[in-house]
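Have a look at the structure below before the remarks.
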Amino acid sequence: MLVYTIKRFFEMIIVFFLFLIISYLLFNAIPGNAFSSLLLNPLLPPETYQRTIETFGLDKPLFERIQLYIINFFKGDFGYSYIYYPRTPIELIAERLPRTLMLFSIVNVIAFYTGFLVGKILAWRRGSKSETWITIGSVFSYTVFYPWFALMMLWFFGYKMGWFPLGKFLVPEKWYDSPYSSDEIFYTLILFTTVTSVFLFLIFIFTRNIESLQSRRNSRFVGLIILFIISAIYWSNGEASLQRFYAADIAYHMILPTFTVTLVAFAGTALLTRTTMMEVLKDDYILTARAKGLSQKRIRDRHAARTALLPVVTSFIFTIITIIDGSVLTESIFSWPGMGQLILEAVTREDIPLAMASFSFIGILALIAHFIADISYAFLDPRIRVKVEN
Amino acid sequence: MSKILLEVKNLSMHYDTLEGNVEAVKNVSFNVNSGESFGLVGESGCGKTSVAMTLLQLQPENSIITEGSIKLDGKELVGLSENDLRKVRWDSISIVFQGAMNAWNPVIKIGEQIREAMREHYPQNSKQENINKINELFRMVGLDESISERFPHELSGGMKQRAVIALALSCDPKIIIADEPTTALDVVIQDQILNEIKKVQNLLGLSLIYISHDIAVIAEMTDKIAVMYAGSIVEMGPTKNVFTSPKHSYTRALLDSTPSIKGEKKKLRSLDGEPPSLIDKIDGCSFAPRCPDREISCNPTEHMSLIEIEPDHYVDVCSQGKI
Ligand SMILES: Nc1ncnc2c1ncn2[C@@H]1O[C@H](COP(=O)(O)OP(=O)(O)O)[C@@H](O)[C@H]1O
Ligand SMILES: [Mg+2]
């Protein structure tokens with residue numbers, strides 16, 4: 001397992017270098033001179049102009065420029081943003097990335113989980129009326145034109161019903177006299193979500209070895225209650241009790257985009273789970289499980305769904321990359337000021353340093369996501385684990 | 001007199017398919033006493049697996065039991081609810097499937113897959129008790145204890161099959177069905193597995209239903225035998241009697257087409273033709289079209305039924321002319 005992880009890690013590094021070089025070449029191929037837009041910004045002092053040329057080696061041949069770019073990348077030096085001067089791309093990304101990360105990791109977890117759950121139930125209830133209708137619904141959501149659907153959701157829930165805010169990620173009026181910046185609150189939120197997920201995971205890991213199914217279920221339930229109580233205590237004490245109000249505002253703004261993207265994103269997983277699980281249900285070991293007198297639920301979850309999970313995870317890995325284009329669309333429609341909007345702005349206004357930095361960071365993210373998915377896949381399938389070890 | 005453990009009476013089952021009804025089990029009756037081993041033999045496609053599945057009430061969804069009863073230890077299984085069946089399965093009756101190579105879930109450790117069944121039927125057992133029992137069973141079937149911690153793909157075919165036998169024994173059933181348990185194995189391993197089953201059965205005093213297309217194997221394994229053809233039992237009796245004086249032409253043909261167990265040189269006679277399609281209802285003797293001893297007089301159109309021609313030895317009506 002360790003060898004596998006290390007091997008994967010090195011592969012990731014190599015792919016990353018290729019990615020850097022190719023993305024540089026692509027930007028290099030953009031017609032027109034990046035400097036024309038640079039010069040158009042009257043805020044830009046001449047030193048900055050000079051420094052930008054030096055940083056990127058713009059007067060040197062291509063090969064040296066690429067070398068320089070890679071070296072600068074590891075120094076974290078991307079020069080200055082043209083449109084947000086004097087802020088640097090790194091500063092901008094540090095502000096935007098958490099917002100995107102927060103929204104889309106939550107969306108992806110929810111979408112994967114609901115998709116898997118729905119697909120599992122569809123396969124299990126094969127031939128029933130509800131199966132037919134939910135399948136038709138899933139196919140609709142899988143094939144629907146996403147921007148149109150998102151606008152419809154915004155129109156209906158935001159404008160018509162007025163349940164959710166129309167875009168943005170906070171209500172500015174509430175934040176005028178806030179002692180916290182929105183970034184601080186965001187970091188708190190991210191930290192909280194991460195810690196909670198880790199604890200959830202630990203609860204499941206530690207209760208796995210309890211022999212009696214009844215007490216396993218009970219101890220998991222107790223674990224969840226305790227986790228809930230602890231988070232309630234956390235939010236009602238000390239600094240968090242002051243931040244609570246602002247955190248709730250951000251969370252409230254996340255609901256509609258999360259719901260919309262989940263509706264569109266769950267269907268792929270659901271349909272694939274349905275198909276794979278229907279195949280798995282034909283396998284002999286399902287018959288064995290039934291012959292052993294196991295309960296329907298256990299056969300469904302422990303035997304059929306667990307094996308059907310493997311190809312579903314594989315396909316999920318491949319869709320991780322769509323977070324990027326997805327985020328551009330979603331963030332534009334819901335005016336969510338994250339990486340997607342930043343990239344869009346940078347590209348349309350030819351802010352080359354900012355665009356390159358954003359792309360590189362998203363690339364890193366995608367690679368890390370793949371890496372994690374690869375490792376967890378090997379963890380899920382013992383057959384891969386063994387192949388890997390030999 | 002040992003007591004009757006399993007009593008199957010007038011069991012008929014068909015599959016509902018697009019081409020029509022496949023009559024896989026027709027009016028099948030037999031008894032298995034406790035501690036007895038019962039063999040079911042016949043060409044492939046004659047309905048042996050269908051009988052086995054029906055005994056556990058695990059038949060596919062497109063199957064319909066039209067009549068008959070299955071009593072296990074006096075308890076009727078046909079029509080029992082899924083929840084009640086769950087208590088019977090593995091607890092009283094367990095099975096080693098035909099495709100036992102694939103009987104294991106590929107992503108769960110062997111030991112866990114056995115313990116899972118034990119948790120269901122012995123909820124009061126501690127984990128250690130279950131582990132001890134599995135280790136004991138593994139010793140009995142000639143496996144190492146460490147197999148518990150392995151995944152199915154790490155085992156050879158023979159090991160998997162031994163583990164399946166341990167699995168089948170894990171909840172102390174009264175009767176085990178072995179449906180062609182050695183088909184996918186090479187010959188040497190086949191022999192070992194057969195011995196293992198025989199040994200375990202004697203040791204624990206279990207009843208056994210042994211299903212095979214190979215009549216020679218059945219001869220070694222069983223006390224009583226039923227010969228199946230096209231969904232019906234055509235001859236049934238103590239194994240010795242059926243082998244020494246087969247009454248039905250199909251039984252004779254089966255014996256003739258098998259190399260003699262005692263090693264006598266005999267010319268092998270293979271059976272011509274194909275078994276009939278089970279989709280059409282057959283009136284009278286289904287074996288008549290292939291029968292080497294067929295006479296003009298024998299093709300009774302009345303419904304077949306078994307006649308006891310000597311104590312405990314039954315044969316179907318068709319062959320009566322030639323007894
Ligand atoms: N699920 C099913 N649907 C339709 N026909 C089936 C099904 N299962 C088995 N059959 C048919 O029933 C007959 C008996 O099959 P089976 O019981 O598997 O025979 P055996 O075990 O003796 O080889 C065969 O003709 C087979 O094609
Ligand atoms: Mg069969």
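The values are calculated or read from the model by the stated rules, or taken from the named source; none is laboratory data. Quantities reported herein were computed from a predicted structural model and do not represent experimental measurements. Here the Cβ is made from the backbone with ideal geometry for all residues, glycine too, and neighbour counts use every protein chain on show. Surface areas here come from the heavy atoms of the whole protein model, side chains and all, with no ligands, DNA or RNA. Shrake-Rupley method; radii C 1.70, N 1.55, O 1.52, S 1.80 Å.
For the reader, a short list of remarks on this structure follows.
- Value at 222 nm in deg cm²/dmol, rounded to 500, when DSSP H runs of n ≥ 4 in the protein assembly as shown each add -39,500 (n - 2.57): -18000 deg cm²/dmol
- Residue (of A:219, A:25, A:144) at the positive-pole extreme of chain A, dipole from beta-carbon charges: A:219
- Across all Cα atoms of the stretch A:89-348, the radius of gyration (one decimal) and Dmax (whole number) stand at 21.1, 67 Å.
- Nonpolar atom fraction for the stretch B:10-86, defined as the carbon and sulfur part of the 1.4 Å probe accessible area, stands at 45 percent.
- Percent carbon-and-sulfur accessible area, the stretch B:113-217, ignoring ligands, DNA and RNA, probe 1.4 Å: 51 percent
- Partner shielding of A:294-307 amounts to 3, given as the average count of beta-carbon atoms from other chains within 10 Å of each residue beta-carbon.
- Backbone amide hydrogens, once placed in the peptide plane, bring residue B:232 within less than 5 Å of B:26, excluding anything fewer than 5 places away on its chain.
- Placing pseudo-labels 7 Å out from each Cα toward the beta carbon at residue B:17 and residue B:312 gives an inter-label distance of 3.7 nm.
- For the stretch B:78-83, putting each phi into the Karplus relation 6.51 cos²θ - 1.76 cosθ + 1.60 with θ = phi - 60° gives couplings of 5, x, 5, 5, 4, 5 Hz, in residue order, rounded to whole numbers and with x for Gly and Pro.
- Accessible area buried by the pairing of A and B, both sides summed with a 1.4 Å probe, works out to roughly 2600 Å².
- Kyte-Doolittle mean at least 0.0, axial Cα span of 27 Å or more - DSSP H helices of chain A: A:2-29, A:89-124, A:182-207, A:213-235, A:238-280, A:352-380
- Solvent exposure of the stretch A:89-348 amounts to 51 Å² per residue of accessible area, where only protein heavy atoms count and the probe is 1.4 Å.
- The trypsin sites (Lys or Arg not before Pro) of the stretch B:222-262 that meet both conditions, a loop assignment by DSSP and at most 16 other Cβ atoms within 10 Å of the site Cβ, are B:262.
- Karplus-based coupling profile of the stretch B:69-74, in residue order and whole Hz: 9, 10, 10, 10, 6, x, with θ = phi - 60° in 6.51 cos²θ - 1.76 cosθ + 1.60 and x standing for Gly or Pro.
- Label sites at residue A:166 and residue B:149, each approximated as a point 7 angstrom past Cα along Cα to Cβ, lie 6.4 nm apart.
- Nearest-0.05 FRET efficiency for residue A:275 and residue B:279, computed from C-beta distance (R0 35 Å): 0.70
- Using every pair of separate Cα atoms, the Kirkwood estimate puts the hydrodynamic radius of the protein assembly as shown at 31.1 angstrom.
- For residue A:75, no aspartates and glutamates have a Cα closer than 13 Å to its Cα, not counting residues fewer than 8 places off in the same chain.
- Shielded by partner chains, the stretch B:56-94 residues - at least 20 Å² of accessible area, 1.4 Å probe, vs chain alone: B:58, B:82, B:86, B:89, B:90
- Inter-probe distance in nm under a simple model that places probes 7 Å from Cα toward Cβ, at residue A:215 and residue A:173: 5.7 nm
- Bridge type composition, chain B - antiparallel percent by DSSP, nearest 5: 65 percent
- In this structure the amide hydrogen of residue B:225, modeled in the peptide plane, comes within under 5 Å of the amide hydrogens of B:39, B:237, B:239, none closer than 5 places in sequence on its chain.
- The trypsin sites (Lys or Arg not before Pro) of the stretch A:241-333 that DSSP puts in a loop, and whose beta carbon has at most 15 other beta carbons within 10 Å, are A:282.
- Loop exposure criterion: chymotrypsin sites (Phe, Trp or Tyr not before Pro), DSSP state outside H, G, I, E and B, at most 15 other Cβ atoms within 10 Å. Applied to chain A, the longest stretch between such sites is A:177-390.
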